[in-house]
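Every number here is computed from the coordinates shown, using simple stated rules; none is lab data. Here the structure is a predicted model, which means the values were calculated and not measured. Note that we place each Cβ from the backbone using ideal geometry, even for glycine, and neighbour counts take in every protein chain shown.
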Amino acid sequence: MKKIYFVRHGESEGNVTKSHQSAKTPLSEIGQSQAKIVALRFTKIQASLIIASPYLRAQQTAQTIAEKNNLKIETSELFREKSGPSELFDLSHENLKSVETRKIIASHLFDQNGNWRYSDEETAREFIDRVEKALDFLRQRSEENLIVVCHSLILHMIFTKILSPKSDLKELYAIQNNFKINNTSISVASYDELKQKWSVDCLNDYSHLG
């Protein structure tokens, strides 16, 4: 039985300002403290490797966990956050341009079988395909206990895909809005090689934060 411990990165500066984040958005001071706390929790959880998104805030969180637990980090593009239009980076969610652009994208999200694109963002179909590749990647790993440090949107879709693997595109996007993933929360999924099936053991556990 393979067990994966998914960790959302610590609070980022973009989380604080409620703005669209780029790959270079770092952890806030609180996020750095959260990373230290979750790192301490992993001293009681067996794991052999950390796989992390290449984005700075995930790398910072992973590095903190790695240093505390003497673990190596492997970086994978499969676990980066869902990318929006680069023209929105660093704009607040309430910014007029941001609001209008997100309305346009939402209204066309499932056009062309999910392949409609506003500008340079990841399409709905591309995102689902990447999540499926990420789960296949984890399923094929030889390690039995892994830590994956990544982001909110991709974590939502990973667990949506585990819970409802046969749902269509619209259903998947609808389901993912029905639960929350907090900063440095731990969510656990297991893969049974004999049954060739994923299951959810734990979702959004952030009790270590008090």
Q) Can you list the lysines whose alpha carbon sits under 20 Å from that of Lys82, skipping same-chain ones fewer than 8 residues off? A) Lys18, Lys24, Lys97, Lys103, Lys133, Lys161, Lys170, Lys180
Q: Among DSSP beta bridges whose residues both lie in the chain, state the antiparallel percentage, nearest 5.
A: 50
Q: Give me the distance in nm between label points sitting 7 Å out from Cα along the Cα-to-Cβ direction at Lys103 and Ser199, one decimal.
A: 4.6
Q) From the list (1) 45; (2) 54; (3) 41, can you say which value of percent of Cα pairs over 23 Å apart was derived from the structure given? A) (1)
Q. Computed from the mean reciprocal separation of all distinct C-alpha pairs, what Kirkwood hydrodynamic radius does segment 21-73 have, in Å?
A. 11.2
Q: Collect residues whose amide H, placed 1.01 Å from N in the peptide plane, falls under 5 Å from the amide H of Asn145; neighbours closer than 5 in sequence don't count.
A: Lys3, Ser48
(Q) Under the rule of at least 5 residues apart or a separate chain, name every residue whose amide H is placed under 5 Å from the amide H of Arg80. (A) none
Q. In nm, to one decimal, how far is the His208 label point from the Gln140 one, both placed 7 Å along Cα→Cβ?
A. 3.0
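At 0.36 nm per residue, and after removing the present C-alpha to C-alpha distance, how many nm does the segment from Asn115 to Ile45 gain when stretched out fully?
21.2 nm
Stick to the Cα atoms of segment 46-169, pair each with every other, and give me the Kirkwood hydrodynamic radius in Å at one decimal. Can you show the working numbers first?
On the way: mean 1/r = 0.0622 Å⁻¹.
So the Kirkwood estimate lands at 16.1 Å.
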(Q) Along the Cα→Cβ direction, 7 angstrom out, place labels at Asn177 and Glu13. What is the inter-label distance in nm? (A) 3.1
Q: Please state, rounded to one decimal and in Å, the Kirkwood hydrodynamic radius that segment 144-210 gives when every pair of distinct Cα atoms enters the mean of 1/r.
A: 12.9
**Q.** Selection of trypsin sites (Lys or Arg not before Pro), segment 113-189, meeting DSSP coil and at most 12 other Cβ within 10 Å
**A.** Lys166, Lys180
